[in-house]
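The structure under discussion appears below in the form of C-alpha coordinates.
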Amino acid sequence: YSKPSIAWTGSAVLIAAVNSSGDLDYFTKAPSATKFSSHLLASPSSGKFQAPSVAVAGDGTILVSVGDSTGDLLTFTLAPGGSAWTELTAAAGIFGPSSIATVFDPKNSAYLGLLTASSGGTLDFWYEELASPGWFEQTVASPSAGASYTGGSIVSSPNYLLIAAATTTGQVN
(Lines give C-alpha, C1' and ligand atoms only; values in the text may rest on other atoms or scores of the structure.)
Protein backbone atom coordinates (compact mmCIF):
# COMPACT_ATOMS: atom_id res chain seq x y z
CA TYR A 1 0.00 0.00 0.00
CA SER A 2 1.08 3.57 -0.58
CA LYS A 3 0.11 7.12 0.31
CA PRO A 4 -2.54 6.38 2.99
CA SER A 5 -4.92 9.06 4.24
CA ILE A 6 -6.90 8.76 7.49
CA ALA A 7 -10.11 10.27 8.91
CA TRP A 8 -12.54 9.70 11.77
CA THR A 9 -16.13 9.10 10.62
CA GLY A 10 -17.75 9.69 14.00
CA SER A 11 -18.02 5.96 14.64
CA ALA A 12 -14.91 4.44 13.03
CA VAL A 13 -11.47 5.11 11.64
CA LEU A 14 -11.33 5.13 7.83
CA ILE A 15 -8.08 4.81 5.89
CA ALA A 16 -7.87 5.18 2.10
CA ALA A 17 -4.80 3.78 0.34
CA VAL A 18 -3.64 2.55 -3.05
CA ASN A 19 -2.69 -1.15 -3.25
CA SER A 20 0.16 -2.64 -5.28
CA SER A 21 -2.19 -3.18 -8.27
CA GLY A 22 -3.12 0.52 -8.30
CA ASP A 23 -6.64 -0.05 -6.94
CA LEU A 24 -8.17 2.28 -4.34
CA ASP A 25 -8.90 0.44 -1.10
CA TYR A 26 -10.33 1.60 2.18
CA PHE A 27 -10.13 0.16 5.64
CA THR A 28 -12.50 0.72 8.56
CA LYS A 29 -12.24 -0.07 12.25
CA ALA A 30 -14.73 0.74 14.98
CA PRO A 31 -13.25 1.30 18.45
CA SER A 32 -14.71 -2.01 19.66
CA ALA A 33 -13.28 -4.05 16.75
CA THR A 34 -10.04 -5.96 17.10
CA LYS A 35 -8.89 -5.45 13.51
CA PHE A 36 -9.53 -3.38 10.39
CA SER A 37 -11.85 -4.58 7.64
CA SER A 38 -10.65 -4.10 4.07
CA HIS A 39 -12.79 -3.00 1.09
CA LEU A 40 -12.12 -2.29 -2.58
CA LEU A 41 -13.44 1.20 -3.36
CA ALA A 42 -12.53 1.32 -7.07
CA SER A 43 -10.24 0.02 -9.78
CA PRO A 44 -8.98 2.52 -12.35
CA SER A 45 -10.24 2.14 -15.91
CA SER A 46 -6.59 2.12 -16.97
CA GLY A 47 -3.30 2.57 -15.15
CA LYS A 48 -3.23 3.17 -11.41
CA PHE A 49 -4.68 5.44 -8.77
CA GLN A 50 -2.29 7.65 -6.80
CA ALA A 51 -2.18 9.61 -3.53
CA PRO A 52 -5.71 9.50 -2.04
CA SER A 53 -7.01 12.07 0.44
CA VAL A 54 -10.02 11.42 2.72
CA ALA A 55 -12.29 13.70 4.77
CA VAL A 56 -15.60 13.35 6.60
CA ALA A 57 -18.31 16.04 6.76
CA GLY A 58 -20.18 16.84 9.97
CA ASP A 59 -23.25 15.03 8.63
CA GLY A 60 -21.21 11.82 8.13
CA THR A 61 -20.64 12.09 4.37
CA ILE A 62 -17.29 10.55 3.45
CA LEU A 63 -15.22 12.09 0.62
CA VAL A 64 -12.15 10.59 -1.05
CA SER A 65 -10.15 12.34 -3.75
CA VAL A 66 -7.55 10.57 -5.86
CA GLY A 67 -5.65 11.07 -9.08
CA ASP A 68 -5.34 8.42 -11.75
CA SER A 69 -2.34 7.72 -13.93
CA THR A 70 -3.85 9.75 -16.79
CA GLY A 71 -3.77 12.78 -14.44
CA ASP A 72 -7.53 13.10 -13.93
CA LEU A 73 -8.77 14.12 -10.51
CA LEU A 74 -11.59 11.89 -9.21
CA THR A 75 -13.78 11.99 -6.13
CA PHE A 76 -15.77 9.29 -4.39
CA THR A 77 -18.60 10.16 -2.00
CA LEU A 78 -20.44 7.91 0.45
CA ALA A 79 -23.65 9.34 1.94
CA PRO A 80 -24.32 8.82 5.67
CA GLY A 81 -25.58 5.27 6.17
CA GLY A 82 -25.03 4.50 2.48
CA SER A 83 -23.32 1.50 0.95
CA ALA A 84 -22.71 2.67 -2.64
CA TRP A 85 -20.00 5.21 -3.46
CA THR A 86 -20.66 7.93 -6.05
CA GLU A 87 -17.73 8.61 -8.40
CA LEU A 88 -17.23 11.97 -10.12
CA THR A 89 -14.45 13.40 -12.25
CA ALA A 90 -13.67 16.72 -10.59
CA ALA A 91 -11.26 17.72 -13.34
CA ALA A 92 -9.59 16.24 -16.39
CA GLY A 93 -5.97 17.05 -17.09
CA ILE A 94 -2.65 16.37 -15.45
CA PHE A 95 -3.02 16.96 -11.71
CA GLY A 96 -0.65 16.30 -8.85
CA PRO A 97 -1.74 14.92 -5.48
CA SER A 98 -4.94 16.43 -4.12
CA SER A 99 -6.19 17.38 -0.69
CA ILE A 100 -9.85 17.19 0.35
CA ALA A 101 -11.73 18.73 3.28
CA THR A 102 -15.27 19.65 4.28
CA VAL A 103 -16.94 22.67 5.85
CA PHE A 104 -20.47 23.67 6.86
CA ASP A 105 -21.73 26.67 4.88
CA PRO A 106 -24.24 28.54 7.10
CA LYS A 107 -25.27 30.75 4.17
CA ASN A 108 -26.69 27.75 2.30
CA SER A 109 -27.23 25.50 5.36
CA ALA A 110 -25.25 22.77 3.58
CA TYR A 111 -22.01 20.89 3.86
CA LEU A 112 -19.43 21.61 1.17
CA GLY A 113 -16.68 19.43 -0.20
CA LEU A 114 -13.42 21.30 -0.78
CA LEU A 115 -10.62 20.09 -3.03
CA THR A 116 -7.27 21.49 -4.10
CA ALA A 117 -4.53 20.29 -6.48
CA SER A 118 -2.04 21.71 -8.93
CA SER A 119 -1.67 21.30 -12.68
CA GLY A 120 0.99 22.79 -14.90
CA GLY A 121 2.15 24.98 -12.02
CA THR A 122 -1.31 26.45 -11.35
CA LEU A 123 -2.95 25.86 -7.95
CA ASP A 124 -6.68 25.16 -8.33
CA PHE A 125 -9.55 24.86 -5.86
CA TRP A 126 -12.91 23.11 -6.30
CA TYR A 127 -16.02 23.08 -4.15
CA GLU A 128 -19.33 21.25 -4.29
CA GLU A 129 -22.47 21.23 -2.21
CA LEU A 130 -22.70 17.65 -0.95
CA ALA A 131 -26.49 17.55 -1.33
CA SER A 132 -26.20 18.32 -5.07
CA PRO A 133 -22.90 16.90 -6.40
CA GLY A 134 -20.91 18.69 -9.08
CA TRP A 135 -17.53 20.36 -8.67
CA PHE A 136 -16.96 24.07 -9.40
CA GLU A 137 -13.40 25.25 -10.09
CA GLN A 138 -11.49 28.39 -9.16
CA THR A 139 -7.82 29.26 -9.68
CA VAL A 140 -6.04 30.08 -6.41
CA ALA A 141 -2.65 31.00 -7.86
CA SER A 142 -1.01 30.95 -11.28
CA PRO A 143 2.67 30.31 -11.95
CA SER A 144 4.96 33.29 -12.22
CA ALA A 145 8.15 33.73 -14.22
CA GLY A 146 10.19 32.55 -11.22
CA ALA A 147 8.12 29.75 -9.75
CA SER A 148 5.13 27.49 -10.12
CA TYR A 149 3.01 25.60 -7.59
CA THR A 150 3.12 21.94 -6.68
CA GLY A 151 0.85 19.96 -4.40
CA GLY A 152 -1.67 21.76 -2.29
CA SER A 153 -3.28 21.09 1.05
CA ILE A 154 -6.58 22.46 2.35
CA VAL A 155 -8.22 22.73 5.75
CA SER A 156 -11.33 24.56 6.89
CA SER A 157 -12.37 26.30 10.07
CA PRO A 158 -15.75 27.85 10.89
CA ASN A 159 -14.52 31.16 9.45
CA TYR A 160 -11.71 30.44 6.99
CA LEU A 161 -10.42 28.17 4.25
CA LEU A 162 -6.66 27.73 4.40
CA ILE A 163 -4.68 26.44 1.41
CA ALA A 164 -0.95 25.77 1.43
CA ALA A 165 1.22 24.77 -1.52
CA ALA A 166 4.90 24.41 -2.26
CA THR A 167 6.61 26.28 -5.06
CA THR A 168 9.27 25.01 -7.41
CA THR A 169 11.70 27.45 -5.75
CA GLY A 170 11.32 25.63 -2.40
CA GLN A 171 8.94 27.99 -0.65
CA VAL A 172 5.65 27.16 1.04
CA ASN A 173 2.84 29.65 0.50
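The values are calculated or read from the model by the stated rules, or taken from the named source; none is laboratory data. Only a predicted model underlies this, so the values are computations on that prediction, with no experimental measurement involved. Backbone-built Cβ (ideal geometry, glycine too); neighbour counts: all protein chains shown. Areas reflect the complete protein model, heavy atoms only, side chains present, ligands, DNA and RNA absent. Shrake-Rupley method; radii C 1.70, N 1.55, O 1.52, S 1.80 Å.
Of the residues that make up region 53-67, is at least one more than 14 Å from P133 (Cα to Cα), without any contact (Cβ under 8 Å) to a residue 40 or more places away in the chain, assigned to a loop (DSSP other than H, G, I, E, B) and in contact with a strand residue (DSSP E or B) (Cβ under 8 Å, 6 or more places away or on another chain)?
No, region 53-67 has no match at all.
For the condition open to solvent by less than 70 Å² (accessible area, probe 1.4 Å), more than 18 Å from V155 (Cβ to Cβ) and not β-branched (V, I, T), what is the one hit in G82, G58?
Details: G58 fails: more than 18 Å from V155 (Cβ to Cβ).
The match here is G82.
If I filter region 103-123 down to residues being touching a Phe, Trp or Tyr at 6+ places or on another chain (Cβ under 8 Å) and of a type outside the set (A, V, I, L, M, F, W, C), which single residue comes out as most open to solvent (accessible area, probe 1.4 Å)? Talk me through it step by step, then tell me what you get.
So in region 103-123, the residues touching a Phe, Trp or Tyr at 6+ places or on another chain (Cβ under 8 Å) come out as 103-105, 110-119, 121-123.
If we keep only those that are of a type outside the set (A, V, I, L, M, F, W, C) as well, we get 105, 111, 113, 116, 118-119, 121-122.
Details: D105: 31, Y111: 63, G113: 0, T116: 0, S118: 11, S119: 33, G121: 9, T122: 30 Å².
Residue satisfying both the conditions and the ranking: Y111.
Of everything in region 61-79, what is open to solvent by 40 Å² or more (accessible area, probe 1.4 Å) and farther than 30 Å from G121 by Cβ? Give them in sequence order.
Selection gives A79 alone.
Pick from T75, T89: which is touching a residue at least 24 places away in the same chain (Cβ under 8 Å) and of a type in the set (S, T, Y)?
Working: T89 fails: touching a residue at least 24 places away in the same chain (Cβ under 8 Å).
Unique residue meeting the criteria: T75.
Would you point out which residue out of G152, G170 is in contact with an Asp or Glu (Cβ under 9 Å, 6 or more places away or on another chain) and modelled with pLDDT under 90?
Values: G170 fails: in contact with an Asp or Glu (Cβ under 9 Å, 6 or more places away or on another chain).
Exactly one of G152, G170 is in contact with an Asp or Glu (Cβ under 9 Å, 6 or more places away or on another chain) and modelled with pLDDT under 90, namely G152.
Specify the residue that is farthest from L74 (Cα to Cα); the eligible residues are those in region 107-139 that are small (G, A, S) and free of Cβ contacts under 8 Å to residues at least 24 places away in the same chain.
It comes out as S109.
Count, please, the residues in region 1-48 that happen to be hydroxyl-bearing (S, T, Y), surrounded by fewer than 18 Cβ atoms within 10 Å (Cβ to Cβ) and not in a loop (DSSP other than H, G, I, E, B).
Of region 1-48, the ones hydroxyl-bearing (S, T, Y) are 1-2, 5, 9, 11, 20-21, 26, 28, 32, 34, 37-38, 43, 45-46.
Now restrict to residues that are surrounded by fewer than 18 Cβ atoms within 10 Å (Cβ to Cβ): 1-2, 9, 11, 20-21, 28, 32, 34, 37-38, 43, 45-46.
Checking which are not in a loop (DSSP other than H, G, I, E, B) leaves us with 2, 28, 37-38.
Adding up the residues that qualify gives 4.
Quick one: F104 ticks every box in (1) over 15 Å from the mean Cα position of the chain (by Cα); (2) in contact (Cβ under 8 Å) with a residue 12 or more places away in the chain; (3) not in a strand (DSSP E or B) bar one, so which box is it?
Result: F104 fails condition (3) only.
Here's a check for you: in region 131-151, which residue that is of a type outside the set (F, W, Y) and touching a Phe, Trp or Tyr at 6+ places or on another chain (Cβ under 8 Å) is least open to solvent (accessible area, probe 1.4 Å)? Walk me through how you get there before you give the answer.
First pass over region 131-151, keeping only residues of a type outside the set (F, W, Y): 131-134, 137-148, 150-151.
Among the residues that remain, those that are also touching a Phe, Trp or Tyr at 6+ places or on another chain (Cβ under 8 Å) are: 131, 137-141, 143.
Values: A131: 88, E137: 105, Q138: 94, T139: 86, V140: 72, A141: 21, P143: 55 Å².
So the residue we want is A141.
Being open to solvent by 30 Å² or more (accessible area, probe 1.4 Å), farther than 16 Å from T139 by Cα, β-branched (V, I, T) and over 10 Å from the mean Cα position of the chain (by Cα), is that true of even one residue in region 85-95?
yes
Can we say T167 is more than 14 Å from the chain's Cα centre (by Cα) and open to solvent by less than 30 Å² (accessible area, probe 1.4 Å)? Give the steps one after another, and end with the answer.
Values: more than 14 Å from the chain's Cα centre (by Cα): yes; open to solvent by less than 30 Å² (accessible area, probe 1.4 Å): yes.
It is true that T167 is more than 14 Å from the chain's Cα centre (by Cα) and open to solvent by less than 30 Å² (accessible area, probe 1.4 Å).
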